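Rule-based calculations on the coordinates, nothing more; no lab input. Bear in mind that the values here come from a model prediction, so they are computed numbers and not experimental data. Heads up, the Cβs are rebuilt from the backbone with ideal geometry, glycines too, and the neighbour counts pull from every protein chain shown.
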Amino acid sequence: MGFKKNKSKYEKDNDDDDEKQYLLCGPSVAKSLVIIYNILFLISGILLIFFGIWTLTSKNDYADLLSSNLYLSSTYILIIAGAITILTSLLGIVSAWIEKKNLLIIFIALLIFIFLTEITAGVLAFVYRVKLKESLKRDLENNIKFHYEEPGYDKQSKLLDNLQIKFKCCGANDFRDWFDSKYVQANNITEFQLENTRYNLVSESCCKTPSNLCAKRIHPSNIYHKGCVSALENYISNHIILLGVVGLSSFLFQSVGIFLTALLIKRIKAKKNYEHVLTDENES
């Protein structure tokens with residue numbers, strides 16, 4: 001038969017003091033964690049913007065050759081998310097510092113919005129990567145066949161030349177893509193004239209040493225034979241993976257912020273309830 005041990009008055013007072021200390025000091029710890037989180041969140045927003053700008057300036061060389069805007073769209077979404085992240089982090093710091101529950105709830109809502117925005121950017125990037133090869137093949141073939149050195153397509157023509165020189169390639173699939181192009185056909189070249197033509201059979205940027213009329217001879221010693229699709233696919237695909245990872249990896253970071261903020265709201269509420277109890281006891 002067991003006996004229930006009653007706590008002494010001293011033990012009860014100690015328990016009350018511990019509870020009081022926990023309720024009054026608990027929000028301070030949670031508040032510090034939320035502020036630290038938001039400082040890191042602010043830095044991540046700045047990094048997102050720099051990453052997006054770097055993508056647009058350094059990894060956007062051949063965007064004008066592509067018909068799809070998904071690649072650019074995911075980059076712009078990340079930049080917008082970075083700007084919203086900076087503003088949201090400042091709101092988080094202020095609302096945690098002054099312990100305003102309503103502001104903290106708005107902060108959580110903005111965290112969820114940023115999370116969804118970055119997820120969208122990541123998903124768009126991965127969706128584009130799946131369709132990348134066929135899209136590149138179609139776009140390069142169209143630019144070679146219909147647009148090269150045509151009026152109004154100077155920028156695309158220069159980009160195509162730059163692409164072939166940089167990646168040491170020729171055509172979309174291979175050098176023969178040029179045979180059906182307006183650029184070659186404009187010189188009235190037929191298959192029967194390939195041996196003795198006075199004109200370029202492919203663009204001069206296909207030549208291993210580009211010069212005027214260097215593409216009259218299409219021997220492998222003179223021009224590149226491999227196509228540009230695979231090289232451009234690898235160039236864009238690697239960066240798309242990075243875009244997708246940046247967007248999707250936000251899940252864990254935003255989840256931490258939501259958890260810490262919810263914890264702070266709970267501590268603030270408990271503290272205020274306890275303060276009301278003390279006030280009522282003192283008044284009575």
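Quick notes on this structure:
- Exposure proxy order (Cβ contacts within 10 Å, fewest to most) of His219, His147, His225: His219, His225, His147
- In this Cβ point-charge picture (+1 for Lys and Arg, -1 for Asp and Glu), the stretch 134-232 has a dipole of about 300 debye about its Cα centre.
- A Förster radius of 25 Å, combined with the Cβ-Cβ distance separating Asp154 from Tyr199, puts the computed FRET efficiency at roughly 0.75.
- Inter-probe distance in nm under a simple model that places probes 7 Å from Cα toward Cβ, at Ala83 and Asn212: 4.9 nm
- Projected label points at Ala109 and Leu242, each 7 Å from Cα along the beta carbon direction, are separated by 3.6 nanometres.
- Cross-link table Lys131/Lys166; Lys131/Lys182; Lys137/Lys166; Lys131/Lys168, entries beyond 21 Å C-alpha to C-alpha: Lys131/Lys166; Lys131/Lys182; Lys131/Lys168
- Simple spin-label estimate for Ala63 and Arg176 gives 3.6 nm between the two label positions (7 Å along the Cα-to-Cβ direction from each Cα).
- Subtracting the Cα-Cα distance of Thr120 and Val94 from 0.36 nm times their residue separation leaves 6.5 nm of extension gain.
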